[in-house]
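K.L.:
Take a look at this one; I'll ask things after.
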Amino acid sequence: MANRYWCGECSFKTPWLDTSEGLRRQIEHYARKHPGIAPGGQIETRRRGPGARSACLLLAAAALVLLTVVATWRR
Ligand SMILES: [Zn+2]
């Protein structure tokens with residue numbers, strides 16, 4: 001089961017993630033894009049679906065790129 005967190009302030013949404021990881025991403029997004037606003041928005045839950053594996057791989061690759069960018073940006 002995975003959760004996807006949707007930002008309440010803009011069109012941002014996290015990839016499908018575990019609850020704790022998704023929450024962390026959502027909080028990080030708010031800290032970066034909406035400082036001073038309490039994290040909100042919606043949580044979308046998915047148990048499983050067709051093509052989920054390839055989508056997850058794609059998202060994992062995107063997440064890796066994103067993490068690299070964030071790590072570079074934070075220096
Ligand atoms: Zn946002």
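What follows draws every value from the coordinates through simple rules; no lab data is involved. Owing to the predicted nature of the structure, the values given are computational and were not obtained by experimental measurement. With ideal geometry, Cβ positions are generated from the backbone for all residues, glycine too; neighbour counts draw on all protein chains shown.
K.L.:
F12's amide H: which non-local residues (gap 5+, or another chain) put their own amide H closer than 5 Å, with H modeled 1.01 Å from N in plane and none for Pro or chain starts?
P.N.:
Residues meeting the amide H criterion: C7.
K.L.:
Moving to a separate point now. So what is the relative contact order for the chain, in percent, with contacts set as C-alpha pairs under 8 Å and at least six apart?
P.N.:
33
K.L.:
Continuing with this model, one more query. Compare the Cα positions of Q42, G8, G22 along the charge dipole of the chain (+1 at Cβ of Lys, Arg; -1 at Cβ of Asp, Glu; about the Cα centre) and return the one farthest towards the positive end.
P.N.:
G22
K.L.:
What angle, in degrees between 0 and 90 and rounded to the nearest 10, separates the Cα long axis of helix 19-33 from the longest principal axis of the Cα atoms of the chain?
P.N.:
40
K.L.:
So what does the Cα-only Debye profile of the chain read at q = 0.15, 0.16, 0.28 Å⁻¹, as log10 I(q)/I(0), no solvent term?
P.N.:
-0.53, -0.61, -1.36
K.L.:
Round to the nearest 10 and give me the degree value, 0 to 90, for the angle of helix 52-73's Cα axis relative to the longest principal axis of the chain.
P.N.:
Helix 52-73 and the main axis of the chain meet at about 20 degrees.
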